[in-house]
Amino acid sequence: MSDTMLPRLSEVNAFFERATGSFVDGHYAAATDQVREVLDPSSGAALAKICLADMALVDEAVASTKRSFQHRHWRGLSPAQRERVLLKFADIIEEHAEELAQIETLNQGKSIHISRAVDVGFSVDFVRYMAGWTTKVEGKTTDVSIGMPEGAKFNAYTLRQPVGVVAGIVPWNFPMMIALWKVLPALAAGCSVVIKPATETPLSVLRLAELALEAGLPRGVFNVVVGSGSMAGARLASHPDVNKVTFTGSTEVGKQIGHAAVDHMASFSLELGGKNPMLVLADADVDAAVEGALMAGLLNQGQVCAAASRFYVHRDLHDTFCNKLHGAISQMSIGPGMDPNAQLNPVVSHRHRQSILSHLQRAEQEGARVLSGPSIPDSEGFYVSPVVLSNVTQKMSAAREEIFGPILSVIPFDDVDEALSMVNDSDLGLAASVWTNNLSEAMRLIPEIEAGTVWVNTHVTLDASLPFGGVKQSGIGREFGREALEACTTLKSVCIAY
Ligand code: TAP
């Protein structure tokens, strides 16, 4: 262990002892037969032992969530009262910022700096932003032209109401932050919510549920079910008492969830993967583009749905870009997320590391040139050294498949329209960025790029007010902004004759 490693807070150790499984109706559920160790990716050591929910417990969690909705424990409060609770929730998260950041880093693997700034920092901003929507749920009046019976007058309006029980299924890359992306719009709309974190990373979400109670959220309004995707996740998606399913994860599972939700006419939103391009035009500032690529490609070891993973670079800049990118990566140090000096950290699991390495092996077999990163620590942890793949072609799997790891594929181009067609030559369409000093060219390209978000001279810059989601196989629906709130509501049309 490095001597710069952060010591664990005593609250974190106490929480790891206390977190024993699903959190339903304001307390940890009774033990089940299936116990799973939750691991620290930097060492492979167990952090906590968690009981996985069985079907009965999943159903109990949905019943608790539904009860709190039907009994109006939350939605019965005035919007201003609910806003105050959510703002207090943000304050409490902020008070526990270091504890939450350590929990996230220990369980997910990412740098403590990222956990502090992004997982906790962005989450606090997001909770405050969404709390504000609680008092801004609006319908509208409409001037109708109904002519029968003759002489009758009408007053017509729409009533925006909470959709009911929301089930959120979240992945392992930003467990706490993505859970909050599901929880907050639901709560702001007056819904009750049950979250299923990934079994690999359930800890921070459990701590959030404890803190929500402290903030004054009534029991049963925010439940957490820890259970396998194939059973607990599938059951939530198909449960007849769930009114909306919101999922972030792989396209394959997203499709299953969409089908299951439609079967009982639940609404759903899916935020799925991306094979996100960064397009570097001939006039771009190459140093800024390299700096941007490091952040866009290596944040959380590339385990980010919006990460850039294919870099279309004008041939004039290709070699310089690759050399500078590789040079910067070679200087980086790899180590545990709890070591503040480590710039790169382990990926989430042994299983995911194997998946990344097999993608890499395939890229080599297909002829990509491998510019290797620094060596990985001699450790049981799930480390992958970052790699720049140069001279990748559009046909290679490295340019087409989501790897979700620190593998950056650089593809040269000669003509901008040729590059644009390669950018759009993907089943996925989550996000993209254009790097140029030519504003007119950027403005021409923005509407042509098939993606839910397009950035110019920046990448992976999210804000709670900017809707986020994908087109094509990257999903349906939008998170953030008014759109996220409205997606947790249903519209009732009212027409009064007088
Ligand atoms: P998924 O299998 O999609 O897992 C995401 C969540 O869905 C987890 O909570 C998982 O539970 C649950 N789940 C799995 N099967 C389910 C089912 N049949 N019904 C309902 N829920 C189910 O992702 P993964 O296996 O962890 O990663 C595979 C790939 O997905 C990654 O390599 C990456 O390409 C992509 N991915 C994308 C994102 C984002 S942000 N878009 C995030 C993570 C992964 P358990 O894990 O507990 O089984």
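Per-residue answers, yes or no, for (1) over 23 Å from the mean Cα position of the chain (by Cα); (2) crowded, with 20+ Cβ neighbours inside 10 Å:
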| site | (1), (2) |
| --- | --- |
| I114 | no, yes |
| F122 | no, no |
| A131 | no, yes |
| A156 | yes, no |
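G164: loosely packed, with under 13 Cβ neighbours inside 10 Å and either closer than 30 Å to A63 by Cβ or without any contact (Cβ under 8 Å) to a residue 12 or more places away in the chain (or both), yes or no?
no
Could you run through the stretch 159-184 and say how many residues are within 11 Å of the ligand (Cβ to nearest atom), farther than 20 Å from V348 by Cα and not aromatic (F, W, Y)?
2
Can you tell me which condition G477 does not meet? The list is (1) within 20 Å of the chain's Cα centre (by Cα); (2) more than 16 Å from the ligand (Cβ to nearest atom), and all the others hold.
Status for G477: all satisfied but (2).
Can you find a residue in the stretch 456-479 that is among the aliphatic types (A, V, I, L, M), more than 22 Å from V253 (Cβ to Cβ) and part of a helix (DSSP H, G or I)?
Checked against the condition, which is being among the aliphatic types (A, V, I, L, M), more than 22 Å from V253 (Cβ to Cβ) and part of a helix (DSSP H, G or I), the stretch 456-479 yields no hits at all.
Yes or no: R369 touching a residue at least 12 places away in the same chain (Cβ under 8 Å), more than 26 Å from I112 (Cβ to Cβ), in contact with a strand residue (DSSP E or B) (Cβ under 7 Å, 6 or more places away or on another chain) and assigned by TED's automatic domain parsing to the domain that holds N323?
Spelling it out, R369 is indeed touching a residue at least 12 places away in the same chain (Cβ under 8 Å), more than 26 Å from I112 (Cβ to Cβ), in contact with a strand residue (DSSP E or B) (Cβ under 7 Å, 6 or more places away or on another chain) and assigned by TED's automatic domain parsing to the domain that holds N323.
Which condition number does V225 fail, the rest of (1) of a type outside the set (S, T, Y); (2) more than 11 Å from the ligand (Cβ to nearest atom); (3) touching a residue at least 12 places away in the same chain (Cβ under 8 Å); (4) more than 19 Å from C305 (Cβ to Cβ) being met?
That leaves (2) as the condition not met.
Filter the stretch 154-180 down to residues that are farther than 18 Å from V242 by Cα, outside any loop (DSSP other than H, G, I, E, B) and of a type outside the set (S, T, N, Q), then give me how many there are.
10
Among (1) among the small types (G, A, S); (2) more than 9 Å from the ligand (Cβ to nearest atom); (3) touching a Phe, Trp or Tyr at 6+ places or on another chain (Cβ under 6 Å), which single condition is G220 missing?
Among (1) among the small types (G, A, S); (2) more than 9 Å from the ligand (Cβ to nearest atom); (3) touching a Phe, Trp or Tyr at 6+ places or on another chain (Cβ under 6 Å), the lone unmet condition for G220 is (3).
Which pairs turn up if I take residues in the stretch 304-332 that are free of Cβ contacts under 8 Å to residues at least 40 places away in the same chain and under 21 Å from P374 (Cα atoms) and look for partners that are more than 16 Å from the ligand (Cβ to nearest atom) and assigned to a helix (DSSP H, G or I) with beta carbon separation below 8 Å, at least 6 apart in sequence or on another chain?
T320/V286; K324/V286; K324/D287; K324/V290; A328/V290; A328/L294
Between S230, S238, which is in the same structural domain as F126 (by TED's automatic domain parsing), closer than 28 Å to P346 by Cα, within 15 Å of the ligand (Cβ to nearest atom) and modelled with pLDDT of 95 or more?
From the options S230, S238, the qualifying one is S230.
Among (1) at pLDDT 95 or above; (2) on the phi < 0 side of the Ramachandran plot, where does F404 come up short?
The failed condition is (2).
Out of all the residues in the stretch 6-29, which are out of contact with any Ser or Thr (no Cβ under 9 Å at 6 or more places or on another chain) and more than 14 Å from E210 (Cβ to Cβ)?
Answer for the stretch 6-29, where residues must be out of contact with any Ser or Thr (no Cβ under 9 Å at 6 or more places or on another chain) and more than 14 Å from E210 (Cβ to Cβ): P7, R8, L9, S10, N13.
Of the residues that make up the stretch 280-295, is at least one within 16 Å of the ligand (Cβ to nearest atom) and in contact (Cβ under 8 Å) with a residue 12 or more places away in the chain?
The answer is no, given that none of the residues of the stretch 280-295 is within 16 Å of the ligand (Cβ to nearest atom) and in contact (Cβ under 8 Å) with a residue 12 or more places away in the chain.
If you go through the stretch 236-275 one residue at a time, how many are farther than 28 Å from D427 by Cα and in contact with a strand residue (DSSP E or B) (Cβ under 9 Å, 6 or more places away or on another chain)?
Qualifying residue count for the region: 4.
Output the number of residues of the stretch 401-429 satisfying the condition of being under 23 Å from N323 (Cβ atoms), within 14 Å of the ligand (Cβ to nearest atom) and part of a strand (DSSP E or B).
1
If only one of E150, E214 is surrounded by fewer than 22 Cβ atoms within 10 Å (Cβ to Cβ), away from the ligand (no atom under 16 Å from the Cβ) and assigned to a loop (DSSP other than H, G, I, E, B), which one is it?
The match here is E150.
Taking the criterion of being part of a loop (DSSP other than H, G, I, E, B) and within 12 Å of the ligand (Cβ to nearest atom), would at least one residue in the stretch 263-270 satisfy it?
No: the stretch 263-270 contains no residue that is part of a loop (DSSP other than H, G, I, E, B) and within 12 Å of the ligand (Cβ to nearest atom).
The values are calculated or read from the model by the stated rules, or taken from the named source; none is laboratory data. None of the values given here were measured: they were computed from a predicted structure. Reconstructed Cβ throughout: ideal geometry from the backbone, glycine too, with neighbour counts over all protein chains shown.
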